[in-house]
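The values are calculated or read from the model by the stated rules, or taken from the named source; none is laboratory data. From a predicted model like this one, the values you see are computed outputs, not experimental measurements. In this analysis, Cβ positions are derived from the backbone assuming ideal geometry, glycine residues included, and neighbour counts consider all displayed protein chains. What goes into the accessible areas is simple: the full protein's heavy atoms, side chains included, and nothing from ligands, DNA or RNA. Shrake-Rupley method; radii C 1.70, N 1.55, O 1.52, S 1.80 Å.
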Amino acid sequence: MSMETILEIQDLHAGVDGKAILKGISLTIHPGEVHAIMGPNGSGKSTLAAVLAGREGYTISAGTVRYCGQDLLELDPEERARAGLFLAFQYPVEIPGVNSTYFLKAALNEIRKARGLPELDAMEFLHLVREKIKLLELDENLLKRAVNVGFSGGEKKRNEIFQMAVLEPRLAVLDETDSGLDIDALRVVANGVNKLKRPDNAQLVITHYQRLLDYIVPDFVHVLCDGRIVKSGGKDLALELEAKGYDWIMGCSASPECVAAAT
Amino acid sequence: MLSTTLAPQPTQPVTTPAPADLPLRAVFEQLQRTRTEPAWLRAARRKALEHFEQTGYPTLRDEDWRFTSVAPVAALPFRPASTSFASQFSAAALARLPFHGLEGDRLVFVDGHFVPELSQIAHRTDGVVVTSLATALAHQPEDLEPHLVRHARADDNAFAALNQAFFTDGAFIRVPAGRVVAAPIRLVFLASGREPDVTICLRNLVLVEAGAQATVLEHSTSLDGATHVTNCVTELVTGDRAVVEHLKFQDDNARAFHVAGFHARIGRSVKLLAHSFALGARLARFHVRAGLHGEGAEAVLNGLYLANRERLADHHMIVDHARPQCASHEYYNGILSDRARGVFHGRILVQPGAQKTDAKQTNKNLLLSDEATVDTKPQLEIYADDVKCTHGATVGQLHPEQIFYLRARGIPEEMARQMLIHAFAGEIIDRVRCAPVREELDRLIWDRLEQQEHLGLGAHD
């Protein structure tokens, strides 16, 4: 494959406990691109995010995932992160007792070490944090707390994007980052994501609703249904989906979940 | 346990042969003949012995000892530690102990006997007394009589009775009304291991009078790996509005038996912060008794126990709300690996009339292996109607979702586990108010977690 490809998924089949969830996904992402994956509940969106990030408990039964020239599926989650893959969690985890700043500094330095960069000391890290935190309009005091503990729902989501800003991933996978956000918070988050876009990185935005894509404008939209990408197109596809519902997509109407979700 | 370099040099011949093992009563009578103590104490000792003779050691049939068998202690001969090794330790050896760099007074006891040469007591003119109990008994028994052996009662448990009958020495601390002792007063209890299977009985009395403030750190450890029984009882008496921080750091060797008591009489508007850090011993049992005897008092009882291999760490708590408008908060976390066992028994008693009581108890346990176990037993007895009492216990493993979150940010799995375990211990360590002690504890406990392979990962030689 070309080194200019960031992610290349081919015929990926994956499941949990013997139940097939992804049933043959193929997707290629190049530098500078923003891809959106849309789909109803149960279509496999979060499973795709989980498999890409390396969450335990999923069985890959077929297919390949190449990431920047490497076999992604061979890597541990931490190796993927150090190689520049970032997952913004749908449900960011609270970690009592682990200080946010300490955690993020440890993470950044692991990633820097892997890239052959010197570790940042406390002062350098503080400067970086101050610069990046403005982007997300987050209160700096939140970083004195334990990871995600006592954060509101919106703060948790903004904190994910703040971490993304600090860690500067090559590929960011945003798993329903819009869920639970009001319109103002959504705008802040989307604005942050947009500012992090560069010609040499890429974003994979997973969402149920078209709403987020008003703010994060994708180059490509893929519709996931029952574990398959049933349609791909430009940004207009998202608008069409919004207007017509998921059951409009061919091959998807058979799934009652899709019909129910397409409201 | 410390490295053996701390132990006396083998060139020192052991001249006293191990005494023939005598029945308990004979040992007692022999000691009693040599003692020159006030009559009230002699009588109290005899009463305690008689009490023990009646009850004997507890068994698993005893409700308070259901999960903790002291049969291995009962099987040992009762052999009080002699004084013959106390003076063989150098100050340099002492410098290798944790907390050594701390400012403040230090009383050092080897095998239950006070060693003035290793101790360090500031000269004072403000009436604050820091000395050995034996010295205080010799010179100011009238100060001790109203308190000593009155708060840790011989009928509390068999080991308290034994302690009362046999204690050799300990610390006497008195902080007069309004005085503030800023630096922590450190009590160091060393087991030399020079005689096999000895029993070391220590008794401390701490008086913090009205409006006075003090921090006391008890540090118990072994100088080598020999079996010993350490039975250490502390009585704390507080005047109105006193502020006290008490820390017990138990780090005996993995063959030792450590049975201890902390008995606090808590006066009006007193703030007590009492910590237990139980890191050592094959069997560790700590009786914590907090009696809230004045209105508006607050007690925070905070503890962390770490156990690996076949070891057992047991905390037996009784919080007695005797007066209204008192608050007690118990926070105990346990980290257990291998086949270790944790026991937490937390009794909260709210007496009739103790209205507006605010009592909270939390016991959380982290099991790092499938074979580690914990028995946690809350027990609430409430005889007042306008009270707030809560209790909660959890037993669980490291949260896989938390580990994944950390790994997904580039943090290696082992470091992620370490961070989470450290955080669990840190909840307790963070409640220590005395900053230099807290920082040292943090280092020590973290080192220990790594050394003892509590993490359940790597580090296997």
Check: Hey, which aspartates and glutamates would be in cross-link range of A:K231, C-alpha to C-alpha under 16 Å, not counting anything within fewer than 8 residues on its own chain?
Finding: A:D11, A:D219, A:E240, A:E242, A:D247
Notebook entry, point to check: Which net charge results for the neighbourhood of B:A354, defined as the other residues with beta-carbon distances under 10 angstrom from its beta-carbon, given Lys and Arg at +1 and Asp and Glu at -1?
Noted result: -1
Check: When the label point is put 7 Å from the Cα of B:E145 along its Cα-to-beta-carbon vector, which residues of the range B:226-267 have a backbone N closer than 20 Å?
Finding: B:237
Next item on the list: Measure off, as a whole percent, the carbon and sulfur share of the 1.4 Å-probe accessible area of chain A, all protein chains present.
Entry: 50
Next item on the list: Counting only C-alpha contacts under 8 Å and six or more residues apart, can you give the relative contact order of the range A:112-177 as a whole percent?
Entry: 29
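Given only helices, namely DSSP H runs of n ≥ 4 each adding -39500 (n - 2.57), what is the per-residue ellipticity at 222 nm of chain B, to the nearest 500 deg cm²/dmol? Write down the numbers at each step before the final one.
Working: 10 runs with 98 residues, N = 461.
Helices in chain B give a 222 nm mean residue ellipticity of -6000 deg cm²/dmol.
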Check: Can you give me the relative contact order of chain B as a percent, contacts being Cα pairs under 8 Å and 6 or more apart?
Finding: 10
Margin query: Cβ neighbours within 10 Å, averaged per peptide: list A:56-63, A:145-152, B:240-247 in order, most packed at the top.
Written below: B:240-247, A:145-152, A:56-63
Item checked: Charged-residue dipole, Cβ positions (Lys, Arg, Asp, Glu), the range A:108-263 about Cα centre, Debye nearest 20 -> 360
Next item on the list: Please sort by residue number the trypsin sites (Lys or Arg not before Pro) in the range B:36-142 whose DSSP state is loop and whose Cβ has at most 16 other Cβ atoms within 10 Å.
Entry: B:R61, B:R66, B:R96, B:R124
Next item on the list: Between the alpha-carbon centers of the range B:248-266 and the range A:153-229, tell me the distance in whole angstrom.
Entry: 54
Note to self: Can you compute the FRET efficiency between A:N191 and A:L239 using 1/(1 + (r/R0)^6), with r the Cβ-Cβ distance and R0 = 22 Å? Round to the nearest 0.05.
What the structure shows: 0.60
Next item on the list: Choose one of A:L135, A:G57, A:L22: the residue whose Cα lies farthest towards the positive end of the charge dipole of the range A:1-145 (beta-carbon charges +1 Lys, Arg; -1 Asp, Glu; about the Cα centre).
Entry: A:L135
Next item on the list: Would you mind checking the range B:92-107 for residues with the amide N under 18 Å from a putative spin-label position 7 Å along Cα→C-beta of B:H123?
Entry: B:104-106
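With a 1.4 Å probe and all protein chains left in place, how much accessible area per residue does chain B have, in Å²?
Heavy-atom accessible area per residue stands at 38 Å².
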Item checked: Peptide A:141-150 - average C-beta neighbours from other chains (10 Å radius) -> 1
Next item on the list: Output the Kirkwood hydrodynamic radius of the range B:130-184, Cα pairs only, in Å rounded to one decimal.
Entry: 12.7
Notebook entry, point to check: Could you give the nm distance between label points at B:K377 and B:K47, where each point is 7 Å from its Cα heading toward the beta carbon?
Noted result: 2.8
Check: Between the DSSP loop rule and a limit of at most 13 other Cβ atoms within 10 Å, which GluC sites (Glu not before Pro) in the range B:93-198 are left?
Finding: B:E103
Checklist line | Net charge dipole size for the range B:241-343 [Lys, Arg +1 and Asp, Glu -1 on Cβ; Debye, nearest 20] | finding: 180
Margin query: Contact order normalised by length for the range B:168-243, with contacts defined as Cα pairs under 8 Å and 6 or more residues apart; what percent is it?
Written below: 41
Check: lysines near A:K144 by alpha-carbon distance under 19 Å, same-chain residues fewer than 8 away left out - which ones?
Finding: A:K105, A:K132, A:K134, A:K156, A:K157
Next item on the list: Per DSSP H run of at least 4 residues, take -39500 (n - 2.57); add these up for chain A, divide by its residues and hand me the 222 nm value, nearest 500 deg cm²/dmol.
Entry: -10000 deg cm²/dmol
Item checked: Cα Rg, Dmax (largest Cα-Cα span) when computed across chain B, Å -> 21.5, 70
Checklist line | 10 Å Cβ neighbours from other chains, averaged over peptide A:77-87 | finding: 5
Note to self: Name the residue from A:V221, A:Q10, B:V395 whose Cα lies farthest towards the positive end of the charge dipole of the protein assembly as shown, charges +1 on Cβ of Lys and Arg and -1 on Cβ of Asp and Glu.
What the structure shows: B:V395
Margin query: Taking beta carbons within 10 Å but only from partner chains, what does the mean come to for residues A:91-97?
Written below: 6
Next item on the list: For an R0 of 35 angstrom, estimate the FRET efficiency from the Cβ-Cβ distance between A:H127 and B:E401 and round to the nearest 0.05.
Entry: 0.65
Next item on the list: Work out the length of the dipole vector of chain A about its Cα centre, built from +1 on the beta-carbon of each Lys and Arg and -1 on the beta-carbon of each Asp and Glu, and round it to the nearest 20 debye.
Entry: 240
Check: Hey, any idea what the orientation-averaged projected area of the convex hull of the protein assembly as shown's Cα atoms comes to, in nm²?
Finding: 37.1
Checklist line | Share of carbon and sulfur in the accessible heavy-atom surface of the range B:61-140 [1.4 Å probe, %] | finding: 51
Notebook entry, point to check: For B:K377, which lysines qualify as cross-link partners when the Cα separation must be under 29 Å and same-chain residues fewer than eight apart are set aside?
Noted result: B:K248, B:K271, B:K356, B:K360, B:K364, B:K388
Margin query: Show me you know the interface measure: the accessible area buried between A and B, both chains summed, probe 1.4 Å, in Å² to the nearest 100.
Written below: 2000
Notebook entry, point to check: For the range B:89-233, with the dipole built from +1 on Lys and Arg beta-carbon atoms and -1 on Asp and Glu ones, taken about the Cα centre, which of B:P196, B:V128, B:A154 lies farthest toward the positive end?
Noted result: B:V128
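So for chain B: antiparallel DSSP bridges make up what percent, rounded to the nearest 5?
Close to 5 percent.
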